[in-house]
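Q: Got a structure here, written out as structure tokens. Questions coming.
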Amino acid sequence: MITIGLPSKGRMKDDASAIFERAGMKIVAVGNDRSYRGRVEGADDIEIAFLSASEISREIGAGTVDFGVTGEDLIREGLAEADKRVEVCVRLGFGHADVVVAVPEIWLDVDTMADLGDVAADFRARHGRRLAIATKYWRLTQQFFSSQHGIQLYRIVESLGATEGAPAAGQADIIVDITSTGSTLKANHLKILSDGVILRSEACLVRARKPEHEGDPRIAEVIAAVRKAL
Ligand SMILES: Nc1ncnc2c1ncn2[C@@H]1O[C@H](COP(=O)(O)OP(=O)(O)OP(=O)(O)O)[C@@H](O)[C@H]1O
Ligand SMILES: O=P(O)(O)OC[C@H]1O[C@H](OP(=O)(O)OP(=O)(O)O)[C@H](O)[C@@H]1O
């Protein structure tokens, strides 16, 4: 049996189902409309697990589903060493959003990560505490700041919603968050640093790297069918 995790709700749900349908895999719910299981018409060896986008990322990492449709941001944030555990097979062309570093517009001298590194370096001397970053993207923030840009002097303030409001509310100095149209950043008087795009995310067909997939022709067939449907 091949299990495919598809979004059960949220902004990726309809586009994900539509792509599978165009790929010749019409999805039908098992049982009633509220069921969290489905199947593919005419393919008894495929089952569908309806999950949220973030659950799909976790289940692919754990290998409890073979494929899933979810955002690349959720894969890279949710899984350590994502590339070892999963394969991004097809970029699906919807669900576009960038994970970005944004600072208050009034920080006129700060346009790049290097500028921000300078600010972080003497933040404690000036303000008596570390630069505070509001985000729900812990892993991506740490990788980008510490590993890629060598910025070590900061503190992450966990934010689970309304992240863009954190600087004005005095909860943090800057943010790392997702943006698509940019209107939420603008409304909160925040600007993206010129080299502050951490990840350009979109919905992807993702596969769990499992030994039993080797030599299973159905795995390549699913990927080829989705690719053709784009
Ligand atoms: N404007 C946007 N804001 C937030 N996420 C977006 C946006 N545009 C696209 N996405 C993508 O959508 C995905 C999240 O979708 P959604 O919010 O439906 O997921 P979810 O896990 O069901 O959410 P939750 O569990 O928080 O309700 C992420 O991969 C994200 O990159
Ligand atoms: O660049 P924009 O087009 O303004 O979109 C970005 C905003 O959209 C999302 O929030 P949303 O209100 O959709 O809620 P969510 O965080 O619960 O997904 C996201 O968290 C940002 O705040």
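Q: Enumerate the calculated ³J(HN,Hα) couplings along region 195-203 in order (Karplus 6.51 cos²θ - 1.76 cosθ + 1.60, θ = phi - 60°), each rounded to whole Hz, writing x wherever the residue is Gly or Pro.
A: Result, ordered by residue: 10, x, 8, 7, 7, 9, 9, 8, 5 Hz.
Q: So what is the relative contact order for region 124-186, in percent, with contacts set as C-alpha pairs under 8 Å and at least six apart?
A: 40 percent
Q: How would the chain be classified by its alpha-carbon gyration tensor: rounded, prolate or oblate, with rounded meaning a/c under 1.5 and the a/b versus b/c comparison settling the rest?
A: Prolate is the answer for the chain, as a/c is 1.5 or above and a/b outweighs b/c.
Q: In debye, nearest 20, what is the charge dipole magnitude of the chain about its Cα centre with +1 on Lys and Arg Cβ and -1 on Asp and Glu Cβ, if you could check?
A: It comes to approximately 300 debye.
Q: Kindly put Tyr36, Tyr137 in sequence by how many other C-beta atoms sit within 10 Å of each C-beta, fewest to most.
A: Sorted ascending by nearby Cβ count, the order is Tyr36, Tyr137.
Q: Work out the length of the dipole vector of region 109-230 about its Cα centre, built from +1 on the beta-carbon of each Lys and Arg and -1 on the beta-carbon of each Asp and Glu, and round it to the nearest 20 debye.
A: 300 debye
Q: What are the residues whose amide H is under 5 Å from the amide H of Phe50, where those residues sit 5 or more places off or on another chain and H is modelled from the backbone?
A: Leu6, Arg37, Gly38
Q: For Ile198, list long-range residues whose amide hydrogen, built 1.01 Å from N in the peptide plane, is under 5 Å from its own amide hydrogen.
A: Sorted by chain and number, the residues that satisfy this are Val99, Val100, Val101.
Q: Quick check on my link table: of Lys9/Lys191; Lys26/Lys228; Lys13/Lys228; Lys26/Lys136; Lys136/Lys186; Lys9/Lys186, which ones sit more than 25 Å apart, alpha carbon to alpha carbon?
A: Lys9/Lys191; Lys26/Lys136; Lys9/Lys186
Q: Quick check on region 97-201: of the DSSP beta bridges with both residues there, what percent are antiparallel, nearest 5%?
A: 60 percent
Q: If you line up the long axis of helix 53-62 against the longest principal axis of the chain, both from Cα atoms, how many degrees apart are they, to the nearest 10?
A: 70 degrees
Q: For Ala220 and Thr64, what is the calculated FRET efficiency with R₀ set at 30 Å and r taken between the beta-carbons, to the nearest 0.05?
A: The computed FRET efficiency comes out at 0.90.
Q: What are the ³J(HN,Hα) values, in whole Hz, obtained from phi via the Karplus relation 6.51 cos²θ - 1.76 cosθ + 1.60 with θ = phi - 60°, for each residue of region 153-167 in sequence order, with x given for Gly and Pro?
A: Once rounded to whole Hz, the list reads 8, 7, 9, 8, 10, 5, 10, 10, x, 6, 4, 4, x, 4, x.
Q: Further question on the same structure: What are the chymotrypsin sites (Phe, Trp or Tyr not before Pro) within region 139-212 that DSSP puts in a loop, where the Cβ has at most 10 other Cβ atoms within 10 Å?
A: The qualifying sites: there are none.
Q: Oh, and also: For region 97-201, just the Cα atoms, rotate onto the principal axes and tell me the three extents in Å, largest first.
A: Each principal axis gives a Cα extent; for region 97-201 these are 36, 28, 26 Å.
Every number in this text was worked out from the coordinates using simple rules, so none of it is lab data. Predicted, not measured: the structure shown is a model, and the values here were computed from it. Cβ sites come from the backbone with ideal geometry, for glycine too, and all protein chains shown count toward neighbours.
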